[in-house]
Every structure is written in C-alpha cells, then in structure tokens.
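The values are calculated or read from the model by the stated rules, or taken from the named source; none is laboratory data. These numbers come from a predicted model, not from an experiment. Heads up, the Cβs are rebuilt from the backbone with ideal geometry, glycines too, and the neighbour counts pull from every protein chain shown. Ligands, DNA and RNA are stripped out before the accessible areas are found, and what is left, the full protein with its side chains, is counted by its heavy atoms. Shrake-Rupley method; radii C 1.70, N 1.55, O 1.52, S 1.80 Å.
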Amino acid sequence: MRNKVLVSVWRQKQQFEGNSKVEAIILANGESIPTDLVVVGIGVQPATEFLEGVELHPKDKSVVVDEYLRAADGLYAAGDIARFPDWRTGEDIRIEHWRIAAQHGRIAAGNMAGKVIKFTGVPVFWTLQFEFPLRYVGHAEEWDEIIFDGELQKREFMAFYIKDNQVLAVAASQRDLEMAAVSELMRLNIMPKPDQLRNGAINLISRLKQ
C-alpha cells in the first residue's frame with residue numbers, strides 16, 4: 001500500500017499517467033509522483049455574462065475594480081466576482097471566500113454612501129480536514145520560499161510564504177493565538193522580515209504589543 005501523501009501540485013502539473021485510472025502525476029520538471037487518487041478543486045466561474053459596459057478580466061470574466069471596489073462611476077462590485085488590487089503588492093487578485101465578500105460589502109457600501117475608503121482587508125480562512133485544523137492568513141498565489149516554524153509531523157506549525165522578501169501569507173495548525181497576531185500584524189503592515197523569521201528570534205505576539 002502506498003503512503004498517503006497530500007500534495008498541491010496543480011500549478012506544476014504537466015500530465016496524468018495510468019492505465020484505465022490515474023497512477024502518477026508528471027510535473028513540469030519531469031518528476032513522477034505515484035498516486036492512487038487525484039482531487040481537483042476547479043473553483044467557480046463568475047456569473048457576469050449579463051453585464052455590459054464594464055471591464056471584465058480576460059482570465060475568468062471577473063469584474064475589475066479599483067482599490068475602492070469601484071468598477072465604474074457609481075458602480076461597485078464585491079465578493080467572488082470582483083478582481084481587486086492587493087494593497088500590499090498591487091497585484092490584481094480574486095478570492096472565493098464568504099469572509100472576503102463580507103469585508104468587501106462593508107467597504108463598497110460605505111463608498112456608495114459617499115465615503116472614500118480603500119480596501120485594505122487581510123484575508124483569513126480556516127478549515128478542519130480529518131481532525132487536522134488549518135488556519136490561513138493573507139494571500140499568496142506564488143512564492144519564492146516557505147519558512148517553517150514548528151513540527152509538521154505533529155501538525156503543530158506555522159508556514160510563512162515569502163515573495164520578494166515579504167511575508168504574503170501564513171498557514172498554520174494549532175497555533176491560533178499567533179495566527180490572530182499575524183492577522184493584525186499584516187493589517188498594520190508590520191510583519192517581520194524573512195531574515196528575522198529564519199533566525200527564529202521573533203515573538204509574534206510580543207511584536208504586536210510593541
């Protein structure tokens with residue numbers, strides 16, 4: 001019996017191989033990963049076909065908005081259909097999660113009422129998989145490095161996703177208090193630098209109190 005391994009390889013996938021069923025995933029670098037089962041999460045398609053005169057992103061037909069969630073004069077979009085600029089990187093992103101929709105809704109409603117508020121929210125997700133709690137703060141579709149703190153085998157860890165010398169996201173299990181601190185540190189834009197994390201000299205909770 002093969003060892004059970006959970007691997008996120010969709011962006012690296014080249015092809016599947018097998019006779020009548022999948023037996024291996026072939027990555028772009030030629031590496032072959034034996035597998036008995038492949039789970040594909042395909043996401044959703046924004047229902048925007050009915051819109052006219054609004055810029056839609058060529059990738060997925062999402063509604064392109066600015067930092068105020070404005071798609072055009074007097075028109076705002078929020079939630080799954082909105083592709084908005086990440087205030088930390090400037091990258092246009094779209095996030096399929098109800099909490100982002102709630103965050104967007106408050107900002108869009110305020111701006112429709114005459115306020116001028118930029119969206120600077122921090123995405124937060126959580127789930128429980130086979131009694132394995134997982135928390136995720138931030139957003140990173142690509143990264144240069146992952147810095148780990150803790151013990152993966154015991155499922156008690158933090159994983160810092162780094163790109164361009166900046167922590168864009170953190171995934172963790174059984175480190176809830178520190179993840180709450182991470183959410184606020186990201187919101188305040190005072191996350192530690194990667195070098196500090198590599199040295200293990202940063203207490204995230206204490207840093208928040210400074």
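Tabulated values for the structure
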read-out	value
Selection within segment 35-79 - among the aliphatic types (A, V, I, L, M), assigned to a loop (DSSP other than H, G, I, E, B), buried (at least 18 other Cβ atoms within 10 Å of the Cβ) and without any contact (Cβ under 8 Å) to a residue 40 or more places away in the chain	VAL65, ALA77, ALA78
Which numbered condition VAL182 misses (of (1) at pLDDT 95 or above; (2) open to solvent by 90 Å² or more (accessible area, probe 1.4 Å))	(2)
Flag if ILE190 is open to solvent by 50 Å² or more (accessible area, probe 1.4 Å), farther than 30 Å from ASP60 by Cβ, in a loop (DSSP other than H, G, I, E, B) and without any contact (Cβ under 8 Å) to a residue 60 or more places away in the chain	yes
Which listed residue, of PRO123, PRO133, is in contact (Cβ under 8 Å) with a residue 12 or more places away in the chain and either touching a helix residue (DSSP H, G or I) at 6+ places or on another chain (Cβ under 7 Å) or β-branched (Val, Ile, Thr) (or both)	PRO123
Condition check for VAL122: assigned to a loop (DSSP other than H, G, I, E, B), out of contact with any Phe, Trp or Tyr (no Cβ under 6 Å at 6 or more places or on another chain) and open to solvent by less than 30 Å² (accessible area, probe 1.4 Å)	yes
